[in-house]
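Asks: For reference, the structure I am asking about is given below.
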Amino acid sequence: MLKIIISLILIIIEKSNESDYEPTCNDIESKSADLQLRRHLFCDYDPTLRPSLSAHSTLNVDVRFIPKFIDFSDISNSIDFHTWLILTWDDVHLHWNPDEFAGITLHHVKSNEIWVPDFTVFNSGDLSLDQSNMPLTDCILSKNGTVQCAISRVFTAHCPADFSDWPYDNHNCTLHFGSWLYFGDEINYRFEEDAILMEEFVQSNEWNVKIGNLAKSSEIYETSLDSMLFMNVEIQRRSTRGILIYITPAIVLSILTVLALCLDFSSPERTTLISTNFICHIYCIFDLHWYLPSNNAVGSPKILIFYETSLIITAFTLIFTAFMRKIYALTVPTPQWIVFTVDFIYNCPIGQYLKIKSLCKKEANISNDTDNQTEQLQNNDTLWMECVNLLELLAFVSIIITYIILLGLLTPATPRNIMELYVF
């Protein structure tokens, strides 16, 4: 019985000794310099605090972009900037002596293990997106505390589109970068001349993209200084499709309208040509209405103004033709004011030129003998015919001048200054 009691006592003592024993980590802890370095760096490290020894000191963060491609939405007036964002800064809490850790000079960590500066776009093109948080990525620590993170980001920014020169439209966009959490006296984003590397950039099939240099600006927000970066992006549409589908038909329809005036106003071919031209105008305007991106656009497309004006000219030509037929068929005596007006126009210097053209057009109906002009004007039928010829010639010249002005409107305008779109 005594032996049993003694055995129980010994077992209890042994168990109590085992409970006081604290097991150590795996033996690899004493062999792996990387594990020792990690335990050294992240002992009492807080990734939510800005790495600074003083609350009033400024942390410099170097910014570099490696753009991949850019998507521009002419419906939502937004630009998606796909890029590699490289941020470099010094963390005073993450440095070590390589001699104490087997000569290690670099160490790889995840971005959620360390403090990472927030870098976002202010002029967001989609407020439902959270563009302030950094996605998970790999970062490199160096022995002197320098941290470098390469982050794959898509920045969606608002870009006010201007379709006035469509399909030759250019859109000047500005991406406004900065920090939401810190002011300029806490984090200073800076860049060098080669802050944008375009070696890996892929051009779009629809747009020609040109990225300008970064610009830095600072403004006083209440009592603190806010530091911001601006990136200029110029987007130009590849206009081949628009020219083939809409510009070329616009020019052809204009030529047909002018050619219709060269036909005899009493011929059915002229009426048929003008009517067909009028229907084609309506079809093009309806098709253009559905194709043009007009959501929140700045300015009216000039191509739409061209088609609308050309439609009005075609309708005028059709009404004018019917009016000329009615005048030519008149048998009533010619009013004196029409006689004086026609005589005045034909006898002025410009009228002499117009008369030559009118005589050339109606050579079969009007005599070339200028000595008989007074006798022809006294004839009622000749006066009405001269009036019709004069009106047709004036309409022909006016329509040609109008189309020349309209075609000039289709030429691209001078690009505006990029920075004019955003004024702070």
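The values are calculated or read from the model by the stated rules, or taken from the named source; none is laboratory data. Worth saying up front: this structure is predicted, and the values here are computed from it rather than measured. Every residue, glycine as well, gets a Cβ built from its backbone with ideal geometry; the counts of neighbours run over all protein chains shown.
Asks: Phe155 fails exactly one of the following numbered conditions: (1) closer than 23 Å to Ser76 by Cβ; (2) part of a loop (DSSP other than H, G, I, E, B); (3) hydrophobic (A, V, I, L, M, F, W, C). What is the number of that condition?
Replies: Phe155 satisfies every listed condition except (2).
One line per residue, one yes/no per condition, for (1) within 30 Å of Asp169 (Cβ to Cβ); (2) at pLDDT 85 or above; (3) out of contact with any strand residue (DSSP E or B) (no Cβ under 7 Å at 6 or more places or on another chain); (4) assigned to a loop (DSSP other than H, G, I, E, B):
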residue: Asp44; (1), (2), (3), (4): no, no, yes, yes
residue: Ser52; (1), (2), (3), (4): no, no, no, yes
residue: Asp62; (1), (2), (3), (4): no, yes, no, no
residue: Phe65; (1), (2), (3), (4): yes, yes, no, no
residue: Thr88; (1), (2), (3), (4): no, yes, no, no
residue: His95; (1), (2), (3), (4): no, yes, yes, yes
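Asks: Residues to consider are Asn172, Asn213; find the one that is of a type in the set (S, T, N, Q) and at pLDDT 85 or above.
Replies: Residue meeting the stated conditions: Asn172.
Asks: Could you tell me how many of the residues in the range 116-151 are small (Gly, Ala, Ser), assigned to a strand (DSSP E or B) and closer than 25 Å to Asp226 by Cα?
Replies: 2
Asks: Name the residue, out of Ser266, Ser294, that is more than 39 Å from the chain's Cα centre (by Cα) and at pLDDT below 85.
Replies: When all the criteria are applied, what remains is Ser266.
Asks: Consider Ser124 against the criteria (1) closer than 18 Å to Tyr45 by Cβ; (2) surrounded by 17 or more Cβ atoms within 10 Å (Cβ to Cβ); (3) of a type outside the set (Val, Ile, Thr); (4) out of contact with any helix residue (DSSP H, G or I) (no Cβ under 6 Å at 6 or more places or on another chain): it satisfies all of them except one. Which criterion is unmet?
Replies: (1)
Asks: Here's another thing I want to ask about it. Are any of the residues in the range 326-336 under 14 Å from Ala395 (Cβ atoms), surrounded by fewer than 19 Cβ atoms within 10 Å (Cβ to Cβ), modelled with pLDDT under 85 and more than 43 Å from the chain's Cα centre (by Cα)?
Replies: Yes, there is a match, as at least one residue in the range 326-336 is under 14 Å from Ala395 (Cβ atoms), surrounded by fewer than 19 Cβ atoms within 10 Å (Cβ to Cβ), modelled with pLDDT under 85 and more than 43 Å from the chain's Cα centre (by Cα).
Asks: For Asn188, indicate whether it is in contact (Cβ under 8 Å) with a residue 40 or more places away in the chain, over 19 Å from Lys68 (Cα atoms) and not in a strand (DSSP E or B).
Replies: Working: in contact (Cβ under 8 Å) with a residue 40 or more places away in the chain: yes; over 19 Å from Lys68 (Cα atoms): yes; not in a strand (DSSP E or B): no.
It is false that Asn188 is in contact (Cβ under 8 Å) with a residue 40 or more places away in the chain, over 19 Å from Lys68 (Cα atoms) and not in a strand (DSSP E or B).
Asks: List the number of the failed condition for Ile11; all other conditions in (1) modelled with pLDDT under 65; (2) out of contact with any Leu (no Cβ under 6 Å at 6 or more places or on another chain); (3) assigned to a helix (DSSP H, G or I) hold.
Replies: (1)
Asks: While we're on this one: Could you tell me whether any residue of the range 196-209 is of a type outside the set (Gly, Ala, Ser), touching a residue at least 24 places away in the same chain (Cβ under 8 Å) and under 22 Å from Ser57 (Cα atoms)?
Replies: No, the conditions are met nowhere in the range 196-209.
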